[in-house]
2 protein chains.
Amino acid sequence: MSSPGIQQPTPQLFFQTINSYQRTEALKAAIELEVFSAIGEGKATAREIAERCGAAERGIRILCDFLCIMGFVTKDGQRYNLTLDSAMFLDKRSPAYLGGCTEFLMSPMLLEGFKNFAAAVRKGGTAASEEGTIAPDHPIWVTFARAMAPMMALPSQLLTKLVDPQANKKLKILDIAAGHGLYGIAFAQNNPHVEVVAVDWPNVLEVQRKRRQGRRV
Amino acid sequence: MSSPGIQQPTPQLFFQTINSYQRTEALKAAIELEVFSAIGEGKATAREIAERCGAAERGIRILCDFLCIMGFVTKDGQRYNLTLDSAMFLDKRSPAYLGGCTEFLMSPMLLEGFKNFAAAVRKGGTAASEEGTIAPDHPIWVTFARAMAPMMALPSQLLTKLVDPQANKKLKILDIAAGHGLYGIAFAQNNPHVEVVAVDWPNVLEVQRKRRQGRRV
């Protein structure tokens with residue numbers, strides 16, 4: 001009933017946007033269930049993936065079809081495959097695995113800030129709590145230091161090679177708000193003459209200390 | 001550092017999707033604050049919109065810039081304008097206003113079903129409660145009947161004209177799971193010889209009864 005060239009109003013963007021929280025939850029569930037790792041291991045059909053993930057075949061089929069629509073997997077007949085991006089960032093066996101970041105990105109603290117968005121707009125700033133995430137020793141930064149490190153594994157290596165390509169001179173690095181500490185650690189691993197001073201809350205520095213010792217954080 | 005023609009993996013889709021709940025919340029806040037109605041009334045700058053919406057100018061500026069990125073408004077210098085779609089569906093003065101739908105689409109009952117998405121996939125069905133939204137007399141359908149009617153105002157009119165263009169013969173309409181009742185009401189308004197039998201839970205039919213009497217639901 002529409003004429004070509006005449007733009008008809010459509011509520012599509014409204015419905016797509018108001019329901020976009022469902023994309024967050026579906027992706028979070030797929031990571032939690034290790035769907036991407038399962039496909040990466042060679043499980044291809046809904047039945048195979050369901051068995052590996054301890055889930056219902058019906059649930060996996062519906063979830064994987066949605067992941068396909070969102071662009072995280074492809075589907076060929078009844079078989080699902082990882083995209084290049086999902087194989088790199090969402091398969092647990094990949095060194096660039098980002099799935100652990102959801103622990104920080106989906107932390108109740110961060111989500112809370114969006115729960116009453118209108119109040120934040122009225123106030124012109126975070127309405128969730130008095131000081132938000134900048135309160136001294138706020139535990140969210142420990143979660144950050146633990147969960148967000150994988151994201152910076154590759155960039156920190158690349159930066160080190162750019163800034164200190166010779167790696168044979170004395171170098172003093174001041175790492176302010178060091179967080180996971182990956183940048184300082186990369187510099188120190190690249191060059192034995194590097195001295196790093198990492199500044200952060202004591203509880204965050206503790207995560208780095210463990211990481212430098214090669215311990216699980 | 002990338003060669004043309006060689007696809008580099010990117011975590012962009014991961015970050016965009018995992019944070020897409022923020023789009024839901026921003027749009028909900030804009031509707032709640034009546035930002036679209038304010039712009040529709042001619043308030044154009046962040047300061048003017050903020051004054052009309054009882055919000056901080058900073059909050060409104062950041063929100064409106066995000067709405068612009070999402071495609072709900074346009075920005076010309078410091079002045080915001082509604083898109084064709086937003087003027088039609090998100091300005092309260094429009095007869096096709098859809099903002100009220102958020103009462104249903106964002107109802108705790110529906111959101112709850114997505115809170116533990118992984119559990120639903122494991123089970124292969126809704127994990128939120130035993131019967132979900134199909135429990136007899138479930139109050140969600142009262143919310144539905146009240147909030148979702150505007151969406152069907154135009155389609156119900158169009159359907160009526162298609163099915164009963166003469167509007168001069170006796171016609172009996174059986175409206176199963178009638179909900180907001182708009183389809184039956186449209187048929188009855190189109191043709192005085194129409195008899196409608198609407199079937200739904202009693203609490204839902206009550207909403208229709210009020211609507212037929214022209215009362216506020």
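The values are calculated or read from the model by the stated rules, or taken from the named source; none is laboratory data. None of the values given here were measured: they were computed from a predicted structure. Quick reminder, even Gly has a Cβ in these numbers, built from the backbone with ideal geometry, and neighbours come from all protein chains shown. Remember, those area values only see protein heavy atoms, side chains included, never the ligands or the DNA or RNA. Shrake-Rupley method; radii C 1.70, N 1.55, O 1.52, S 1.80 Å.
Which of the lysines could a cross-linker span from residue A:210 if the Cα-Cα distance has to be under 23 Å and same-chain partners fewer than 8 positions apart are dropped?
A:92, A:172
Kindly give the distances from residue A:153 to its copy-mates, label point to label point, with each label point 7 Å from Cα along Cα→Cβ, as nm values to one decimal ordered shortest first.
Ordered by distance, the counterparts are at 5.4 nm.
Suppose we look only past 38 Å in the calculated P(r) of the protein assembly as shown. What percent of the Cα-Cα pairs does that tail hold? Write out the running numbers ahead of the final one.
Numbers: 37220 of 93961 pairs.
Considering the protein assembly as shown, 40 percent of its Cα-Cα pairs are separated by more than 38 Å.
Taking amide H positions as placed 1.01 Å from N in the peptide plane, with prolines and chain starts having none, which residues 5 or more places from residue B:92, or on another chain, fall under 5 Å of its amide H?
Here the answer is B:37, since their amide H atoms fall under 5 Å of that of residue B:92.
Using the heavy atoms of the protein chains and a 1.4 angstrom probe, tell me the accessible area per residue for chain B in square angstrom. Show your work: numbers first, answer last.
On the way: 11790 Å² over 217 residues.
Counting only protein heavy atoms, the per-residue value for chain B is 54 Å².
Show me the ranking of peptides B:208-214, A:166-172 by mean Cβ neighbours inside 10 Å, starting with the highest. Mind dumping the intermediate values first?
Working: B:208-214: 14.0, A:166-172: 10.7.
By packing density, highest mean first, the sequence is B:208-214, A:166-172.
What is the sum of charges, Lys and Arg at +1 and Asp and Glu at -1, for the other residues whose Cβ falls under 11 Å from the Cβ of residue B:40? Don't skip to the answer; put the middle values down first.
Working: positive: B:43, B:52, B:92, B:93; negative: B:34, B:41, B:91.
Surrounding charge for residue B:40 is +1.
Past 23 Å, Cα to Cα: identify those pairs from A:75/A:115; A:123/B:43; B:28/B:75; A:75/B:28, in the order given. Please report the intermediate quantities before stating the final value.
Values: A:75/A:115 35 Å; A:123/B:43 20 Å; B:28/B:75 20 Å; A:75/B:28 34 Å.
A:75/A:115; A:75/B:28, as the Cα separations exceed 23 Å there.
What are the residues whose amide H is under 5 Å from the amide H of residue B:171, where those residues sit 5 or more places off or on another chain and H is modelled from the backbone?
For residue B:171, whose amide H was placed from the backbone, the distant partners under 5 Å are B:194, B:195.
Among A:87, A:198, A:127, whose mean-square fluctuation peaks in a Gaussian network model of chain A (Cα, cutoff 10 Å)?
Answer for the Gaussian network model of chain A: A:127.
Treating the point 7 Å from Cα along Cα-beta-carbon as the label, what are the nm separations from residue A:79 to the other copies, to one decimal?
5.9
Is there a quick way to get the dipole size of the stretch A:55-141? I mean about its Cα centre, with the Cβ of Lys and Arg at +1 and of Asp and Glu at -1; what is the value in debye to the nearest 20? If you can, show how the numbers build up before the last one.
Working: 9 positive and 10 negative charges, 70 e Å.
The calculation lands at about 340 debye.
Carbon-plus-sulfur fraction of the accessible area of the stretch B:76-133, 1.4 Å probe, in percent? Intermediate values should be presented prior to the final figure.
Numbers: 1650 of 3040 Å².
After summing per-atom areas, the C and S share lands at 54 percent.
Run the dipole for the protein assembly as shown about the Cα centre, Lys and Arg Cβ at +1, Asp and Glu Cβ at -1, nothing else charged, and hand back the magnitude in debye, nearest 20.
Numbers: 50 positive and 42 negative charges, 39 e Å.
Here the size comes out at about 180 debye.
Taking chain A as a Gaussian network, Cα atoms linked when under 10 Å apart, which of A:144, A:14, A:89 shows the biggest mean-square fluctuation?
Ranking A:144, A:14, A:89 by mean-square fluctuation puts A:14 first.
Based on the inverse mean of 1/r over its pairs of different Cα atoms, what is the Kirkwood hydrodynamic radius of the stretch A:127-217, in Å? Don't jump to the answer; show the numbers that get you there.
On the way: mean 1/r = 0.0720 Å⁻¹.
Computed over Cα pairs of the stretch A:127-217, the Kirkwood hydrodynamic radius comes out at 13.9 Å.
With N residues in chain B, what two-decimal value do you get for its Cα radius of gyration over 2.2 N^0.38 Å? Kindly include the intermediate steps, with their values, before the conclusion.
On the way: Rg = 22.1 Å, N = 217, 2.2 N^0.38 = 17.0 Å.
For chain B, the normalised Cα radius of gyration is 1.30.
Using only Cα atoms, locate the centre of the stretch A:34-59 and the centre of the stretch B:1-77, then give the distance between them in Å, rounded to an integer.
Taking the Cα centre of the stretch B:1-77 as reference, the centre of the stretch A:34-59 is 36 Å away.
Could you grab the relative contact order for chain A? Cα pairs under 8 Å, six or more apart, rounded to a whole percent. All intermediate terms of the calculation are to be shown ahead of the outcome.
Values: 249 pairs, mean separation 27.4, N = 217.
Normalised by residue count, the contact order of chain A is 13 percent.
Taking a probe of 1.4 Å and counting only protein heavy atoms, give the total accessible area buried between chains A and B in Å², rounded to the nearest 100. Mind dumping the intermediate values first?
Details: alone 14230 and 14230 Å², together 23580 Å².
Buried area between the two chains comes out at roughly 4900 Å².
Placing unit charges on C-beta atoms (Lys and Arg positive, Asp and Glu negative, everything else neutral), compute the dipole magnitude of chain B about its Cα centre in debye, rounded to 20. Display every interim value, and only then the final one.
Working: 25 positive and 21 negative charges, 80 e Å.
For this selection, approximately 380 debye.
Compute the signed sum of charges (Lys and Arg +1, Asp and Glu -1) over the other residues within less than 13 Å, Cβ to Cβ, of residue A:180.
On the way: positive: A:146, A:209, A:210, A:211, A:212; negative: A:103, A:175, A:200, A:206.
For residues surrounding residue A:180, the net value is +1.
For chain B, with the dipole built from +1 on Lys and Arg beta-carbon atoms and -1 on Asp and Glu ones, taken about the Cα centre, which of B:14, B:145, B:95 lies farthest toward the positive end?
B:95
Distances from residue A:93 to the same residue in each other copy, label points 7 Å out along Cα→Cβ, in nm, shortest first?
List, nearest first: 6.2 nm.
Over all residues in A:111-118, what is the mean tally of Cβ atoms on other chains that come within 10 Å of each residue's Cβ?
Numbers: counts 3, 0, 2, 8, 1, 4, 12, 13.
Average per residue, whole number: 5.
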